[in-house]
Amino acid sequence: MEALVVRQLGDPTLPPGGEDSPFGPISGDQPVLELSSPTSVRVRVAATSLNFATFLQVQGKYQERPPLPFVPGSDYSGVVDAVGPGVSRFRPGDRVCSLASVGSFAEFIIAEEKALFAVPDGCDLVAAGALPVAFGTSHLALVHRAQLKAGQVLLVLGAAGGVGVSAVQIGKVCGCIVIAVARGIDKLQYLKSIGADHVIDSSKEDVIGSAKSFLKTRGLKGVDVLYDPVGGKLTQDSLKLLNWGAHILLIGFASGDVPVIRVNIALVKNWTIHGLYWGSYLIHRPAVLVDSLNELLSWLSKGLITVQISHTYRLPEAHLAFAALRDRKAVGKVMIVIGSSAKSRL
């Protein structure tokens, strides 16, 4: 089978097979994976999502460092290829999606039956492959942790990225007033099209001033929930907008700068600070994660949410996908589409 194999840690934007590239040459000589247990399922991967965590993992900068060599990749969708004798929920030909710690940048992946989700009729497989990590992160953060309520004000930083776009949509499904912060007119226009009530170009505007002006026109005091995958100065500035009793959701630090939040101010303001490492729910609260993804798949099938696919690449072009993520070219998700019929879309 064809697979992208990380043989050394390094820059994932370098083409596979080069001396300095972390990736070995792409070829079809990787052995097809065998079923590992009576309840295991082999899935022929149709599409897999590129997440910022994967970008860090290939460089050895993520909190989880799999031993070399490894096949990167987390959330994916595909078609059941083979099932173990103990599998009762799926059969070959069924459309499924799931997530893994590693392994989805390949033609086949092995998963336990309980880890797979049926893709509802009418849902595009590529969209389903983009759903688990980005939308799952935002759903757990906003619905489970912050317990978002209709009428609250949600501020989304980095709103044009995969998790940001999902946070904006989930905020609107929950009936919130959403302020979205991103860079560039095209990204802002897209965010308006998916329901953001106010958009701010952080590369040109005073984020705090613009947000305060909007809140004033709506007769609102401040922000109830801060969704932050960015970190750095933008986080520090955004704290000035928060109401008493606000929730702060720390999703990641795409800026590369981990902010410091003064806990004495959090105490006085009665803020709740949530660290949200979505993958750890697989270990500590798997039932919560399962319920979350099932609700998201239901929303997707009903058209309540849409998955914006910004770029798609074939597996041999994976380094270009990493570059698109690094250069912040994406509005929504960057995907690897696997199979002989896959075509790039930039």
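The values are calculated or read from the model by the stated rules, or taken from the named source; none is laboratory data. Predicted model, so just to flag it, every value in this text is computed and none were measured. Here Cβ is always computed from backbone atoms with ideal geometry, including for glycine, and neighbour counts include all displayed protein chains. Heavy atoms of the whole protein, side chains included, go into the accessibility calculation; ligands, DNA and RNA do not. Shrake-Rupley method; radii C 1.70, N 1.55, O 1.52, S 1.80 Å.
Quick notes
- Tally of residues being open to solvent by 10 Å² or more (accessible area, probe 1.4 Å) and either in a loop (DSSP other than H, G, I, E, B) or not hydrophobic (A, V, I, L, M, F, W, C) (or both) across the stretch 71-80: 2
- The residues on offer are Ala141, Ala160, and the sole one that is assigned to a helix (DSSP H, G or I) and either in contact (Cβ under 8 Å) with a residue 60 or more places away in the chain or within 18 Å of Leu276 (Cβ to Cβ) (or both) is Ala141.
- Subset of the stretch 211-268 that is within 17 Å of Gly158 (Cα to Cα), of a type in the set (D, E, K, R) and not in a loop (DSSP other than H, G, I, E, B) - its residue that is least open to solvent (accessible area, probe 1.4 Å): Asp228
One line per residue, one yes/no per condition, for (1) open to solvent by less than 50 Å² (accessible area, probe 1.4 Å); (2) within 22 Å of Leu300 (Cα to Cα); (3) within 23 Å of the chain's Cα centre (by Cα):
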| site | (1), (2), (3) |
| --- | --- |
| Pro92 | no, no, no |
| Ser98 | yes, yes, yes |
| Ser101 | no, no, yes |
| Phe108 | yes, no, yes |
| Lys114 | no, yes, yes |
| Asp124 | no, yes, yes |
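- Total residues in the stretch 269-301, condition modelled with pLDDT of 95 or more and assigned to a loop (DSSP other than H, G, I, E, B): 2
- Near pairs, Cβ below 6 angstrom, 6+ apart or cross-chain, from the stretch 322-337 (within 17 Å of Val181 (Cα to Cα)) to any residue that is assigned to a helix (DSSP H, G or I) and among the charged types (D, E, K, R): Val331/Lys187
- If the condition is being in contact with a Leu (Cβ under 8 Å, 6 or more places away or on another chain) and either in the same structural domain as Val163 (by the TED database) or open to solvent by less than 30 Å² (accessible area, probe 1.4 Å) (or both), then the stretch 50-70 contributes Leu50, Phe55, Val58, Gly60.
- Checked against the criterion of being modelled with pLDDT of 95 or more, open to solvent by 20 Å² or more (accessible area, probe 1.4 Å) and over 27 Å from Leu125 (Cβ atoms), the stretch 37-48 contains not a single residue that satisfies it.
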